[in-house]
Every structure is written in C-alpha cells, then in structure tokens.
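K.L.:
First the structure, which I've put down as structure tokens, then a few questions once you've had a look.
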Amino acid sequence: MSPILAEVNRIATHSNYLRRGFSKMLMQNICNELSDLGVEKLFLKVEDVRKAAVDFYEDFGFVRNSSKTQTWISLYF
C-alpha cells in the first residue's frame, strides 16, 4: 500500500501579525490533523531566498529534499 502524502501549498501571515506565533500554531494544527488522518509525510516548497521561512520550517522539523531543483522540504510523522 502506498504511503499517504500531503502538500501545503501556501501559508502567509499579514505583516501586521508577524512574530506573534500564528504561523507556528497553524502549522502545528495542520500537522496534528494530518497525522490523525494517517498522513505519513507532509511536503511543501519554499524559495531558498526566503531564509526566515526556510529556517521556520527546518526548526519545525522539516528536512530539505536535495534531489529537487527548488527547495522542497518534508516532515515525516
């Protein structure tokens, strides 16, 4: 049986609400919900130039997929 995969297409925070933990809460809820549904791996794409975003996802536990030409990172549940 194939693993169940998911992909996040976009997460954005209005500039008035940056650095207040909203993205972290949202990402935690997404991960919890997907894990509860049996998803085994979560993918997302982030541009290398968006260092703060890359750092956020890596701090969250995502790992880079170096086989892609763009930066794809994934989280295993």
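No value in this document is a laboratory result; all are computed from the given coordinates. Just so it is clear, the structure is predicted and the values come from calculations on it, not from any experiment. A quick note on method: Cβ atoms are made from the backbone with ideal geometry, for glycine too, and the neighbour counts reach across all protein chains shown.
K.L.:
Could you work out which residue, out of VAL49, VAL39, VAL63, moves most in a Gaussian network model of the chain, that is, has the largest mean-square fluctuation with Cα springs under 10 Å?
P.N.:
Highest fluctuation among the options: VAL49.
K.L.:
Within region 8-32, find all residues whose amide N lies under 19 Å from a label point positioned 7 Å from the Cα of ASP59 along Cα-to-beta-carbon.
P.N.:
11-32
K.L.:
With springs only between Cα atoms under 10 Å, which of PHE62, PHE43, PHE22 fluctuates most in a Gaussian network model of the chain?
P.N.:
Its mean-square fluctuation being the largest, the pick is PHE22.
K.L.:
Using a 10 angstrom cutoff on alpha carbons, build the Gaussian network for the chain and name the most mobile of LYS51, LYS41, LYS24.
P.N.:
Result: LYS51 has the largest fluctuation of those listed.
K.L.:
Using a simple spin-label model with points 7 Å from Cα along the Cα→Cβ vector, what separation in nm is obtained for ASN9 and ASP36?
P.N.:
2.3 nm
K.L.:
Additional query: Suppose the chain between MET1 and LYS24 were pulled fully straight at 0.36 nm per residue; how much longer would it get relative to their current alpha carbon spacing?
P.N.:
Going from the current span to full extension adds 5.1 nm.
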